[in-house]
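Below is one structure, written out as structure tokens, with a few remarks after it.
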Amino acid sequence: MNKEQCFSEIKLYKKLAVLALSSAIIISCGSSKSVAESKKTSSKTVSKSENLRKLDSDFDGKVAGSVKSLLKDAERYLGTPYKFGGNSSSGFDCSGFTVKVFQENNFNLPRRSSDQADAGKSIDIKTVKPGDLLFFATSGGSRVSHVGIVHTIENDGEVKFIHASTSKGVIISSLNEKYWNKAYLHAQRVL
């Protein structure tokens, strides 16, 4: 093998490695097509399209002090970039973000989103409240590949959640957004 063939082969391996890593990132925490919000949380609701599932909550608006603290800690990380395997303020993946926020509030979660999906107890979307976990299959099917924390329930029942998206980092999204509505799997209460 000559020197040029060797370099071509190395380039091919590098391209394959980048492709494999990119695939792993997309599968681990999903690809986010949601709109990023600024550091301030907006109360503007996302209008619902006709083809979306009704994923609203009947939450009464009373949030425990411990949950308020947890959400305040989560909000500190708004705008933090996505980092595969990350679990610090320099970058998070989805489950690294939930682990860090809950850990700061003296509650331990498993590291992987698929394991977090088995923590606590499964609850109906109609009963979710701030602090609950939402799970998604961002690659289709029914395999958990993304997690977020319920942040706000709007007056009309719209569920908003804070999470580390692959494209925008830590943001607040809505279950009324087509991408997240279609990817939603279930909710868990761990607190």
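The values are calculated or read from the model by the stated rules, or taken from the named source; none is laboratory data. All values reported here derive from a predicted model rather than from experimental measurement. Every residue, glycine among them, receives a Cβ derived from its backbone with ideal geometry; neighbour counts consider all protein chains shown. For the accessible areas, the whole protein counts, side chains as well, though only heavy atoms, and no ligand, DNA or RNA atoms are used. Shrake-Rupley method; radii C 1.70, N 1.55, O 1.52, S 1.80 Å.
Would you check if K129 is in contact with a helix residue (DSSP H, G or I) (Cβ under 8 Å, 6 or more places away or on another chain) and buried (at least 16 other Cβ atoms within 10 Å of the Cβ)? Answer is yes for this residue. Regarding the stretch 178-189, can at least one residue be identified that is assigned to a helix (DSSP H, G or I), under 19 Å from G65 (Cα atoms), open to solvent by 20 Å² or more (accessible area, probe 1.4 Å) and not β-branched (V, I, T)? Within the stretch 178-189, none of the residues are assigned to a helix (DSSP H, G or I), under 19 Å from G65 (Cα atoms), open to solvent by 20 Å² or more (accessible area, probe 1.4 Å) and not β-branched (V, I, T). Per this entry, T138 is counted among residues that are within 12 Å of the chain's Cα centre (by Cα), part of a loop (DSSP other than H, G, I, E, B), polar (S, T, N, Q) and buried (at least 16 other Cβ atoms within 10 Å of the Cβ).
Within the set S113, S167, the sole residue that is buried (at least 22 other Cβ atoms within 10 Å of the Cβ) and small (G, A, S) turns out to be S113.
Restrict the check to the stretch 112-130 and report whether at least one residue is within 11 Å of the chain's Cα centre (by Cα), farther than 26 Å from R76 by Cβ and either touching a residue at least 40 places away in the same chain (Cβ under 8 Å) or part of a loop (DSSP other than H, G, I, E, B) (or both). The answer is no; no qualifying residue exists. Being over 12 Å from the mean Cα position of the chain (by Cα) and of a type outside the set (D, E) is a description that applies to S88.
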